[in-house]
1. Given 0.36 nm per residue, what is the gain on full extension from Gln48 to Asp15 after removing their alpha carbon distance, in nm?
2. In percent, what relative contact order does the chain have, based on Cα pairs under 8 Å that are 6 or more apart in sequence?
3. Return one whole number: the accessible area per residue of the chain in Å², for a 1.4 Å probe.
4. With Cβ to Cβ distances under 12 Å as the rule, what net charge do the other residues near His9 carry (K, R +1; D, E -1)?
5. Return the sequence-ordered ³J(HN,Hα) values of segment 38-51 in whole Hz as given by the Karplus equation 6.51 cos²θ - 1.76 cosθ + 1.60 applied to θ = phi - 60°, using x for Gly and Pro.
6. Ignoring ligands, DNA and RNA, what percent of the 1.4 Å accessible area of the chain is carbon and sulfur?
7. What's the extension gain from Phe40 to Trp73 if we count 0.36 nm per residue and subtract their Cα-Cα distance?
8. Could you give the dipole magnitude of the chain about its Cα centre, charging the beta-carbon of Lys and Arg +1 and that of Asp and Glu -1, in debye to the nearest 20?
Amino acid sequence: MYGERTGWHLPGYPDRSWPAVGSPAERPLAPGVTWYRTGFRLDLPKGQDTPAGLRFGGDVPPAYRVVIYLNGWNIGQYGGDIGPQKEFPLPAGLLREHGDNTLALAVTAKEQTGAGPGPVSLFAYSTVRGGVPVSGVPAPGYDPRR
């Protein structure tokens, strides 16, 4: 994908000129690839294990495929015609549990239809005391020289 080759999924990409559109569910999509980016900050409880995930709500639209990027890493693919999965774990180490995160979605529409897949939300699977500390994985970042 062009957006992947040019770093649209990477933290630090200068996306300020992109129009604010809300959720993919709020916007009709033309055939092709449409990119969405957002940033969010987490401060999960210390001394506890709080696995987090990304959830696609609503009906599963068969005409879409979504490639999911967390902090520059491809963590999965959502698609109405490739399976029923609607929840994706955000891996510890890739997810910054105490800091800023970047989520990018590359939505491919096969045909002209209504709004895109969604709504999309973050959720916690559970919260338990303890857990094994996980070191952060260095994330790729946007470099305008590439």
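1. Working: separation 33, 0.36 × 33 = 11.88 nm, distance 3.39 nm.
Full-extension gain reported as 8.5 nm.
2. 39
3. Counting only protein heavy atoms, the per-residue value for the chain is 56 Å².
4. Values: positive: Arg5, Arg37; negative: Glu4, Asp15.
Taking every Cβ under 12 Å from that of His9, the sum is 0.
5. Couplings: 8, x, 8, 10, 10, 9, 5, x, 6, x, 10, 9, 10, x Hz.
6. Working: 4370 of 8250 Å².
Carbon and sulfur together cover 53 percent of it.
7. Here the answer is 10.3 nm.
8. 260
The values are calculated or read from the model by the stated rules, or taken from the named source; none is laboratory data. Here the structure is a predicted model, which means the values were calculated and not measured. Here the Cβ is made from the backbone with ideal geometry for all residues, glycine too, and neighbour counts use every protein chain on show. Side chains are part of the model used for accessible areas, which takes the heavy atoms of the whole protein and leaves out ligands, DNA and RNA. Shrake-Rupley method; radii C 1.70, N 1.55, O 1.52, S 1.80 Å.
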